Amino acid sequence: MELAVKTLAGKAAGNITVDDAIFGIEDIRGDILQRTIRWQLAKRQAGTHKTQTRGEVSRTTKKYIRQKGSGGARHGSRNAPIFVGGSVAHGPKVRSHAHDLPKKVRKMALAHALSSKMKEDAIIVLDEAVLSAPKTKELVSQFAGLGIENALIISGISVDENFAKAARNIPNVDVLPVAGLNVYDILRRKKLVITKEAAEGIKARFDGVKEAK
């Protein structure tokens, strides 16, 4: 299929052809998208949650109540979980939340995420994402002309420094190189903006996508 290319000023800059196997999937697999987002977010979790065990609580080990005659249970330490200030029974420990997801599934999910944006008519193609100076006000004006308010912008192999500096002050706009393209960031923004260089990078990344389906 063909997509119209625009400049940042909103002028026509020709057309590009994209692969239907990447951008033209009709039956969007929500289950695959959910699995991939869950995998992504699990990898991001720090896993540094921690509670103290009985042996780690710093309290006196002196027997605080006599063995007999109190009418209560025979306790020898205040470190037990049943006491205020004691340890926590079966609490969380430091661990990784990451789990495996087949590369074939991840590749499939990315194609379905891109196709979902295409079905919503929420993809804009730019000839390039480059600014002569890092001026946020100028970029906001250009975005307004293109109808960009909430978007993920995918540049080429690298992101233009001036463009990145100007865009980072705009709320609800993320800028990534083509290598950073991922399912979660695509779906969390209303529009997907890609450059011609990014489109070529996506095609190269999806070599063999038909086998992945």
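Observations on the structure shown:
- For the listed peptides 193-206, 7-20, 85-98, a ranking on the average number of other beta carbons within 10 Å per residue, highest first, reads 193-206, 7-20, 85-98.
- Relative frequency of Cα-Cα separations exceeding 25 Å in the chain, percent: 53
- Accessible surface, the chain, averaged per residue in Å² (probe 1.4 Å): 59
- Nearest 10 degrees, 0 to 90: helix 136-146 Cα axis against the chain principal axis: 60
- Since only 81, 91, 70 are under comparison, the one whose Cα sits farthest along the positive direction of the charge dipole of the range 64-103, derived from C-beta charges on Lys, Arg, Asp and Glu, is 70.
- Convex hull projection area averaged over all views, the range 48-95, Cα basis, nm²: 3.8
- Considering only alpha-carbon pairs that sit under 8 angstrom and 6 or more positions apart, the relative contact order computed for the chain is 25 percent.
- Cα-based Rg / Dmax (Å) for the range 99-181: 14.6, 43
- Among beta bridges that DSSP assigns inside the chain, antiparallel share in %, nearest 5: 20
- Of all accessible heavy-atom area on the range 48-95, the percent that carbon and sulfur account for (1.4 Å): 54
- The range 129-185-the range 28-91 distance, computed between alpha-carbon centres (Å): 44
The values are calculated or read from the model by the stated rules, or taken from the named source; none is laboratory data. If you're wondering where the values come from, they're calculated on a predicted model, not measured in any experiment. Because the Cβ atoms are built from the backbone with ideal geometry, glycine has one as well, and the counts that use them run over all protein chains shown. Surface accessibility is based on the protein's heavy atoms, side chains included, excluding ligands, DNA and RNA. Shrake-Rupley method; radii C 1.70, N 1.55, O 1.52, S 1.80 Å.
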